[in-house]
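Below is one structure, written out as structure tokens; comments come after it.
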Amino acid sequence: MNEYGTMAQAHFRKYLPERYAAIENPQEFFTELGEEVSAEIADRWAQMQAAAGNPAGEDFTDRVGRLNALKKQAEETVLNERVLLAPEPGAEDDG
């Protein structure tokens, strides 16, 4: 299970306990979810890179910083859509 699957499993256990309890095979479910999330992040990141292009005169350090920022944006979007779902009513809410 990758980092996204592990993150999702921890989130579901804490904030979505009813949904977590309904999962027949958590290991398989979160392994697959983690792989799907990883692929979706990579796809979104590639789309964002293509849309942004390569600014003229950008040096290596600036390029690395810009690409890392785009990856974090893609990761944040996908995690909010697929992993860090709103808590169930009555579930612990740490904000």
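The values are calculated or read from the model by the stated rules, or taken from the named source; none is laboratory data. Keep in mind it's a predicted model, so treat the numbers as computed, not measured. Don't worry about glycine lacking a Cβ; one is built from the backbone with ideal geometry, like all the others, and counts go over all protein chains shown. Calculation scope for accessible area: heavy atoms of the full protein, side chains included, ligands and nucleic acids excluded. Shrake-Rupley method; radii C 1.70, N 1.55, O 1.52, S 1.80 Å.
Below is a table of values for the structure above.
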item	result
Positive dipole terminus of the chain, leading residue within Gly5, Pro26, Gly65 (C-beta point charges)	Gly65
Sequence ranges 54-65, 75-86, ranked by mean other-Cβ count within 10 angstrom, highest first	75-86, 54-65
For the chain, accessible area per residue (1.4 Å probe, heavy atoms of protein chains only), Å²	65 Å²
Portion, in percent, of the accessible area of the chain that falls on carbon or sulfur, probe 1.4 Å	51 percent
Scattering curve values for segment 25-89, log₁₀ I(q)/I(0), Debye with Cα scatterers, q = 0.12, 0.19, 0.29 Å⁻¹	-0.41, -0.77, -1.20
Net dipole in debye of segment 31-78 [+1 Lys, Arg Cβ; -1 Asp, Glu Cβ; about Cα centre; nearest 20]	260 debye
